[in-house]
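Below: one structure, written as structure tokens.
The values are calculated or read from the model by the stated rules, or taken from the named source; none is laboratory data. This is a predicted model, so every value here is computed, not measured. Here the Cβ positions follow ideal geometry from the backbone for every residue, glycine too, while neighbour counts run over all protein chains shown. For accessibility, only protein heavy atoms count, side chains too; no ligands or nucleic acids. Shrake-Rupley method; radii C 1.70, N 1.55, O 1.52, S 1.80 Å.
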Amino acid sequence: MSDAVTICECFARDGLQHEPEPVPTATKIALLNSFARTGFRRIEATSYSHPARVPGFSDASEVLAGIDRHPGVAFKATCPNPRAVERALADLEAGHGAEELSLLVSATEAHTERNLRTTRAGQWERVTEMVKLADGRFRLVGVVSVAFGCPFEGKVDPGRVAEDVARFTDLGASLVTLGDTTGVATPGSVRALYARLSRENPGLPLVAHLHNTRGTGIANAVAALEAGCRHFDSAMGGVGGHPAKIGYGAGLTGNVCTEDLASLFAAMGVDTGLDLDHLAAASAACEEALGRPLHSMVARAGFASV
């Protein structure tokens, strides 16, 4: 197993969705360009959410049109419904489309109803339609939310998650992400699920999308690494995780801090492909953009020198 990982930087989408005030378009573009200079090969740029429901991403097309493109760097947009894919296709036709699209399902009925306003069966119908609309023109990333536990239904059957992963694979997803949406996973549950899914889906890149709600995000990332996972989502400063007006979750709902994850991996001898000096500069720029110190320990203490 190669000691190299790919970290997808999610600040500009999953991070900013938690902010009550929209960040200016020009600021988003500058931050996304700084992420590309840092060495991220996958970057979550925006969401095609309904502008009236999530006004912070009403500038999705402008953001994608304004960022610098680099060979080998894929920008990703989240698509919650078929209309979102139609918007993604329009931007692609205009010459500034995303390279990747995230397609979402939730592992429980209650979370699906609250988060996606439909049933699981209804969302899978939407996802199937979205795949047909995309017509092979994007790399598709399947996302299974609440894969380790649901705020409404509690424990989630790993078998149901395995079924969702297999369904995404059958639909042609290139990667499948498991989301620890409310930060209830433990190293043991993470290690067991990633090991199982790797056995059942040989060759499928699985992505660890971990939240640090209970302070276990980094430990869970190491457990996923040990189970063979080589793709990780994280956000500068550990921001985001849920929309600002979400009706569940408490405390620090945000993602694993990119700075802390990259620092630990570097200290472990795991290659992230990231320039740590550029990473530190990008981290500072994210704090400046939001006007406050964020949650990264490394941003305060510096990268490990051992």
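For the chain, adding -39500 (n - 2.57) for each run of n ≥ 4 DSSP H residues and dividing by the number of residues yields -12000 deg cm²/dmol at 222 nm. Across the chain, the convex hull enclosing all Cα atoms gives 118 Å³ per residue. With N the number of residues in the range 97-175, Rg(Cα) / (2.2 N^0.38 Å) evaluates to 1.08. For the range 184-239 and the range 29-71, what is the separation of their Cα centres, given in Å? Using only Cα atoms to place each centre, the spacing works out to 24 Å. Take the chain with all the other protein chains still there, run a 1.4 Å probe, and you get 41 Å² of accessible area per residue. Rounded to the nearest whole Hz, the Karplus-based 3J(HN,Hα) values (6.51 cos²θ - 1.76 cosθ + 1.60, θ = phi - 60°) of the range 276-285 follow the sequence 5, 5, 5, 5, 4, 5, 5, 4, 5, 5, with x at glycine and proline. Computed about the Cα centre, the dipole magnitude for the range 113-185 is approximately 180 debye when only Lys and Arg (+1) and Asp and Glu (-1) carry charge, each at its Cβ. Given +1 at the Cβ of Lys and Arg, -1 at the Cβ of Asp and Glu and no other charges, the dipole of the chain around its Cα centre is 460 debye to the nearest 20.
With the simple model of a label 7 Å out from the Cα in the direction of the Cβ, residue 109 to residue 21 spans 4.3 nm.
Relative contact order of the chain: 20 percent, from C-alpha pairs under 8 Å at least 6 residues apart in sequence.
Surface composition of the chain: carbon plus sulfur atoms contribute 52% of the solvent-accessible area (1.4 Å probe, protein chains only, all chains present). Placing +1 on the Cβ of every Lys and Arg and -1 on the Cβ of every Asp and Glu, with no other charges, gives the range 6-89 a dipole of roughly 260 debye about its Cα centre. Among 260-266, 177-183, 112-118, 157-163, the peptide with the highest mean count of other Cβ atoms within 10 Å heads the list, and the full ranking is 177-183, 260-266, 112-118, 157-163. Quick one: go through the range 118-145 and flag any residue whose amide nitrogen is under 12 Å from the point 7 Å out along the Cα-to-Cβ line of residue 174. Output list for this probe position: 136-142.
Near residue 96: Cβ cut-off under 15 Å, other residues only, Lys/Arg at +1 and Asp/Glu at -1. The net charge is -2. For the peptides 225-231, 297-303, 3-9, 138-144, the ranking by packing is 138-144, 3-9, 225-231, 297-303, with the highest mean count of neighbouring Cβ atoms within 10 Å listed first. Annotation: peptides 42-52, 284-294, ranked by per-residue average of other Cβ atoms within 10 Å with the highest first, follow the order 42-52, 284-294.
Taking label positions 7 Å along the Cα-Cβ direction at both residue 152 and residue 96, the computed distance is 3.7 nm, reported to one decimal.
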